[in-house]
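Chemist: Next up is a structure, given as structure tokens.
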Amino acid sequence: MGQEDLIAYIEQSRKEAERVASSVKDFRVFSFDHIPERPVIRPEVKRIVDCLVRYQNSGIPRHMAVFGARGCGKTLTFRYLERAFADKVRLPFFGINCRVHNSSFKALAALLKTKPRGYAYSELCERFEREIPSPAVIVLDESDMLGEKDSRRDILYFLSRSPKRYLVVLLSNNHRYLKNLDESTRSSLQPEVIPFRTYSAQEILDILKDRAETGLKVVEPGLIEEIAAMTAKNTNSDVRVGIKALLYAATNEAGTVEECFSKAREDIIKDVLADTNEKALLILKAAQEEPTRLVKTVYQHYVDLSRNYKEEPYGYTQFYSTLGYLASLGLILMVSAKVDRTFTNRIEPLVSPDELNAVFAQRFQ
Ligand SMILES: Nc1ncnc2c1ncn2[C@@H]1O[C@H](COP(=O)(O)OP(=O)(O)OP(=O)(O)O)[C@@H](O)[C@H]1O
Ligand SMILES: [Mg+2]
């Protein structure tokens, strides 16, 4: 690039930044860890508040396990509650993300805001009971990411048995997670299971309206309604896609609203696929390749594919529950289909072959 070209490019870039800034009031509103002043409160939150208030009064914990699809507000809900409880009733929350701190050892160290090196596990436990006052709420976000190697999830065993009576909250988008916990941990934890259903189109609309009001200078009429409807219909109600599509549309990232939405969806799908394990990816590929897409035939194809890729295949039951998990990630849709006068399930992949092949090229070399 010559000097003149560069100067022209700087001018072009400046104009572009100006154009974007002319429609956006506050970019932070579109970041996924932004906590809105007025989030949409789902009805399930009342049950959670009741549990927390009772705990604050009695000191007797009722642990909770909150399950729900991606982008249904699990993380946001607890971050918002943390703030509300700090203001109103002085119940402290300590939270970590288990995707980042993916073993009991690392998770305890992170809760103590210390480096994990140089301690024995039992020392960390002692320090925890000494330094973290009770009552306190311990939120383990993406708790199913506590490593597969850490199969007993020692931290859960420790927290649920501690004389300090902490209240444990497990957040996850994997409903199989509780079933996989070891028996003694499950029996001492006995959490109240709180499912978060996916948001309705109306709830998504309310969430996006608030984002538009707080984050944008101008909004074209009908835009938010259109994006909310597309999010509910095409993504298993992952609000992240709606938020990103709204920003793209407001800043004219692409020509039409549909194109902005597709671009937002592609961005988010890339993130989800990068976090999905090999077995689930093979199931997704089998669903894409098998022409009938009926659950049982897809399973057969999945077993063959696994052999080709030298992966041990899941049994049918585990395969079936992984389908539920993939649906909660918004990667497939399960539809009821009538075959020979009986009903069965058909799998509709929501990911394009190109998107999936790109991940395969990276993960299975
Ligand atoms: N009730 C709500 N009000 C306002 N914004 C919301 C609400 N629910 C979700 N959002 C927004 O949608 C995005 C996704 O929400 P969140 O991160 O809480 O999802 P999640 O259930 O934790 O998903 P994951 O399973 O991927 O962790 C965030 O940007 C969040 O601020
Ligand atoms: Mg989350």
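Chemist: If you take all C-alpha pairs in segment 276-363, what percent of them are over 23 Å apart?
Modeler: For segment 276-363, the fraction of Cα-Cα distances above 23 Å is 15 percent.
Chemist: Still on this model: Rolling a 1.4 angstrom probe over the protein chains, ignoring ligands and nucleic acids, what is the accessible area of LYS270 in square angstrom, nearest 10?
Modeler: Per-residue accessible area (LYS270): approximately 140 Å².
Chemist: If you find the alpha carbon centre of segment 302-320 and of segment 238-260, how far apart are they in angstrom?
Modeler: Between the Cα centre of segment 302-320 and that of segment 238-260, the gap is 37 Å.
Chemist: Could you order THR77, THR317, THR344 so the one with the most accessible surface comes first? Probe is 1.4 Å.
Modeler: Working: THR77 15, THR317 115, THR344 45 Å².
Largest accessible area first, the residues go THR317, THR344, THR77.
Chemist: In the chain, if the dipole is taken from +1 on Lys/Arg beta carbons and -1 on Asp/Glu beta carbons about the Cα centre, which of LEU305, SER336, ALA264 is farthest to the positive end?
Modeler: Result: SER336, furthest along the dipole toward the positive end.
Chemist: Magnitude of the Cβ-charge dipole of segment 276-363, K/R +1 and D/E -1, about the Cα centre, nearest 20 debye?
Modeler: 240
Chemist: If packing is taken as the average count of other Cβ atoms within 10 Å, what order do 161-168, 247-254, 12-19, 227-234 fall into, highest mean first? Don't jump to the answer; show the numbers that get you there.
Modeler: Working: 161-168: 16.6, 247-254: 19.2, 12-19: 10.1, 227-234: 20.9.
Answer by packing, highest mean first, reads 227-234, 247-254, 161-168, 12-19.
Chemist: Taking the simple approach of a point 7 Å from Cα along Cα-to-Cβ for both PHE364 and ALA254, what is their distance in nm?
Modeler: Distance between the two pseudo-spin positions: 2.7 nm.
Chemist: Something else: Per DSSP H run of at least 4 residues, take -39500 (n - 2.57); add these up for the chain, divide by its residues and hand me the 222 nm value, nearest 500 deg cm²/dmol.
Modeler: -16500 deg cm²/dmol
Chemist: Please list, by residue number, everything in segment 69-107 whose backbone N is under 20 Å from a paramagnetic label point 7 Å out along Cα→Cβ of LYS270.
Modeler: Answer for this model: 71.
Chemist: Return a whole-number percent for the relative contact order of segment 276-363, with Cα pairs under 8 Å and 6 or more residues apart as the contact set.
Modeler: Relative contact order here is 30 percent.
Chemist: Can you tell which of LEU167, THR77, VAL66 lies farthest toward the positive end of the dipole of segment 45-196, using +1 and -1 charges on the Cβ of basic and acidic side chains (Lys, Arg; Asp, Glu)?
Modeler: THR77
Chemist: How many lysine pairs are close in segment 31-182, with Cα atoms under 17 Å apart and the two 8 or more places apart or on different chains?
Modeler: Pairs that pass both the separation and distance tests number 5.
Chemist: Along the Cα→Cβ direction, 7 angstrom out, place labels at THR297 and THR114. What is the inter-label distance in nm?
Modeler: Result: 5.9 nm between the two label points.
Chemist: With the contact rule set at Cα under 8 Å and sequence spacing of 6 or more, what percent relative contact order holds for the chain?
Modeler: Numbers: 493 pairs, mean separation 64.0, N = 365.
After rounding, I find 18 percent.
Chemist: Suppose R0 equals 56 Å. What FRET efficiency, 1/(1 + (r/R0)^6) with r the Cβ-Cβ distance, do VAL24 and PHE343 give to the nearest 0.05?
Modeler: Calculated value: 0.70.
Chemist: Separate question: Compute the relative contact order of segment 45-196 as a whole-number percentage, counting only Cα pairs closer than 8 Å that sit 6 or more residues apart in sequence.
Modeler: Over segment 45-196, the number comes to 36 percent.
Chemist: In addition: Need one number: % antiparallel among DSSP beta bridges in the chain, to the nearest 5.
Modeler: Percent antiparallel among DSSP bridges in the chain is about 35.
Chemist: Continuing with the same structure: Considering the chain as a Gaussian network with a 10 Å cut-off on Cα pairs, which listed residue, SER200, SER172, SER352, attains the greatest mean-square fluctuation?
Modeler: It is SER352.
Chemist: Using 0.36 nm per residue, how much length does the chain from LYS217 to SER321 gain when fully extended, once their Cα-Cα distance is taken away?
Modeler: Net length gain for the segment: 33.0 nm.
Chemist: Moving on to the next point. Using 7 Å Cα-to-Cβ label points, what is the ALA8/ASP182 separation (nm, one decimal)?
Modeler: Spacing of the two 7 Å Cα→Cβ label points: 6.8 nm.
Chemist: Additional query: Size of the dipole of the chain about the Cα centre, Lys and Arg at +1 and Asp and Glu at -1 on the beta carbon, nothing else charged, in debye to 20?
Modeler: Using Cβ point charges on Lys, Arg, Asp and Glu, the chain gives about 1480 debye.
Chemist: Accessible area per residue, 1.4 Å probe, Å², for the chain: what's the number?
Modeler: Result: 52 Å² of accessible area for each residue.
Chemist: At R0 = 35 Å, how high is the FRET efficiency between GLN202 and ARG161 if r is their beta carbon distance? Nearest 0.05 is fine.
Modeler: 0.20
Chemist: Moving to a separate point now. Ignoring ligands, DNA and RNA, what percent of the accessible area of the chain is carbon or sulfur (1.4 Å)?
Modeler: 51
The values are calculated or read from the model by the stated rules, or taken from the named source; none is laboratory data. Source: prediction; values computed, not measured. Cβ coordinates were reconstructed from backbone atoms using ideal geometry, including for glycine residues, and neighbour counts include every protein chain displayed. Note: areas computed on protein heavy atoms with side chains; ligands, DNA, RNA excluded. Shrake-Rupley method; radii C 1.70, N 1.55, O 1.52, S 1.80 Å.
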